[in-house]
1. Which value results for Rg/Rh of the range 339-439 when Rg is the Cα radius of gyration and Rh the Kirkwood radius based on the inverse mean 1/r?
2. Compute the length gained on full extension between residue 253 and residue 38: take 0.36 nm times their separation in residues and subtract their Cα-Cα distance, giving the result in nm to one decimal.
3. Collect residues whose amide H, placed 1.01 Å from N in the peptide plane, falls under 5 Å from the amide H of residue 224; neighbours closer than 5 in sequence don't count.
4. Label the range 203-278 by shape, choosing from rounded, prolate and oblate, from the square roots a ≥ b ≥ c of the eigenvalues of the Cα gyration tensor; if a/c is under 1.5 it is rounded, and otherwise prolate applies when a/b is larger than b/c, oblate when it is not.
5. What share of the DSSP beta bridges in the chain is antiparallel, in percent to the nearest 5?
6. How much length would be gained if the chain were fully extended between residue 271 and residue 433, taking 0.36 nm per residue of separation minus their Cα-Cα distance, in nm to one decimal?
7. Mind checking which helices in the chain clear 20 Å along their axis (Cα) and have mean Kyte-Doolittle hydropathy of 0.5 or more, DSSP H runs only?
8. Roughly how big is the chain's charge dipole about its Cα centre, with Cβ charges of +1 (Lys, Arg) and -1 (Asp, Glu), in debye to the nearest 20?
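Nothing in this text is a laboratory measurement; each read-out follows from the coordinates by a stated rule. Only a predicted model underlies this, so the values are computations on that prediction, with no experimental measurement involved. Virtual Cβ from ideal backbone geometry, glycine too; neighbours counted across all protein chains shown.
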Amino acid sequence: MFTPKTKQPSEMMTTPELIAQTNQSLLADHQHQLYHLQEILAKKQIDIEPVIQKLQAFQVSVPSWALGTGGTRFGRFPIGGEPRSIEEKIADTSLLHQLTGSNNAISLHIPWDTSLDYSAVRQFAHSRGIKFDAINSNTFQDHPQQVYSYKYGSLSHTKAEVRRQAIEHNCEVINIGQQLGSKALTTWLGDGANFPGQNNFRKAYERTAESLQEIYRYLPTHWQMLIEYKPYEPNFYSMVIPDWGTALLLAQQLGDQAQVLVDLGHHLPNTNIEQIIARLAGIGRLGGFHFNGSSYGDDDLTTGALKPYRLFLIFQELVNAMWSDAPTNASDIAWMIDASHNTKDPIEDLMQATEGILIEYAHALLIDQKMLEYMQEENEVVQAQEILQAAFRVDVRPLVAEARFRNKACIDPLTFFRAQRIRAALIEKRGVASRATGL
C-alpha cells in the first residue's frame with residue numbers, strides 16, 4: 001500500500017539553497033549575455049520582457065514511463081537508479097522541475113502506475129509541488145488478471161465482451177484520474193490489422209465510435225477526452241485511428257469535450273504537422289500535444305535534436321493562433337514530452353527536451369505576427385520567409401535561462417545535474433538494477 005512520506009532533506013537530491021548558490025556563480029556571465037541579446041532585439045523593436053514571462057509560464061508535463069530507460073523491440077539497457085514506484089516517479093519529476101522550472105506535472109499510465117491509495121499519491125505529489133496531467137489508458141497490451149486478450153483489438157474488437165472490458169478499463173482510469181485531480185483522459189488505440197481482409201474497415205470504425213461514446217458519457221463535465229492517432233504500429237496494414245482526420249471525425253461525433261491529441265512522432269515522414277496544428281487550433285479541437293523527435297516514425301528521440309526548424313514552425317502556428325484569437329489557447333492544451341530514452345540518462349534527456357521546446361517557443365514569440373500577416377496577404381513570399389528565418393536564427397538561450405532563473409530553477413540545469421552527481425546518488429539509493437515500469 002502506498003504511504004506518503006514527509007519530505008526530508010536527506011531524501012532530496014538538491015535544495016533551493018544549493019541551486020541559488022550555483023546560480024550566483026553563473027549570474028554575471030548570464031546577465032552579460034542577456035543584456036547583449038536585449039540590445040540586439042531592442043533595435044528590432046522587440047521587448048524581451050513579455051517573451052520571458054511567457055517562457056516562465058509555459059509548463060510541459062512528464063510521462064511516468066519516460067523517467068526510466070525506454071525499450072526498443074530489440075532490447076533495453078537500464079541505467080540504474082530508475083524509479084521503482086509512483087512515489088519515486090513523482091520525486092524524479094519534482095527534481096526535474098526544480099532544475100528546469102518548466103515540468104510541474106506528471107502524466108500517469110494505467111495499469112503501469114497503479115496504487116491502493118490514490119489520495120495518498122495525490123497528497124505526496126502536492127507536497128512535492130507536482131500536479132497530475134492527462135491520465136492514459138492502456139488497451140494496446142494485455143495485463144495480469146485480464147480476462148480477454150486485446151490481440152485482435154480492444155474498443156474495435158469483434159466480440160462485445162472484449163469491447164466491454166476495454167470500456168470499463170477506460171472508465172476505471174477516469175475514476176483514478178478524478179482521485180488524483182487530473183482533468184483529461186488520453187485514449188490511444190493499437191487497434192488495427194496486419195493483413196488485408198483481416199478487418200472490415202467500416203465496422204471496426206463503427207465499433208470504435210460506439211465504444212468511445214460510452215466512455216464519453218462517463219466523462220465528468222469538466223474533463224476532456226483526448227483522442228490520439230497513429231498511422232502504423234503496432235499494426236502495419238491498417239490502424240483504426242490512423243490520422244488526424246479520423247481523430248477529428250470521432251471527436252466531432254462525441255461532443256465538445258472530445259479533442260484531438262497530436263504526437264509529433266505519429267506521422268509519416270515529411271508530413272506537414274504545422275498545417276495540422278493550424279487546422280485543429282483554428283476550430284478549437286487541439287486538446288493535447290506530445291513532443292519528441294524522429295527521423296522515420298515513432299522514434300521517440302529527444303525533442304529538437306533532429307528537426308528544430310519544424311518544431312519552430314509548429315510553435316509559430318500556435319503563437320499565431322493565440323495572436324489572432326483562434327478558439328484554441330495554449331493554456332488549454334495538454335503539453336507532454338513523450339519519448340523513450342534507450343541510450344541517455346532519462347532525466348538528462350528530459351532536460352534537453354524541455355530546453356529544445358522552450359527555445360523554439362521563444363523563437364516563435366519573436367515573430368512580428370502583424371508584419372508576417374501583411375507579407376502573406378500581399379504575397380511577399382521572400383519577405384515572409386525572411387521574417388521566419390530571422391527569428392529562428394536568434395540565439396534565444398539567454399531568454400530561456402532567464403526564465404529558469406526567475407522561476408528559481410537552474411541557469412544551467414544539465415551542468416548542475418552532473419556536477420552534483422545526482423544519477424550516482426539515485427543509484428546509491430535505489431540500486432543499479434532498479435527498473436521503472438512501462439515500455
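1. 1.18
2. Additional length available on full extension: 72.5 nm.
3. 184, 185
4. oblate
5. 15
6. Between residue 271 and residue 433, full extension yields 54.3 nm more.
7. Going by DSSP H runs, the hits are 308-323.
8. 1080
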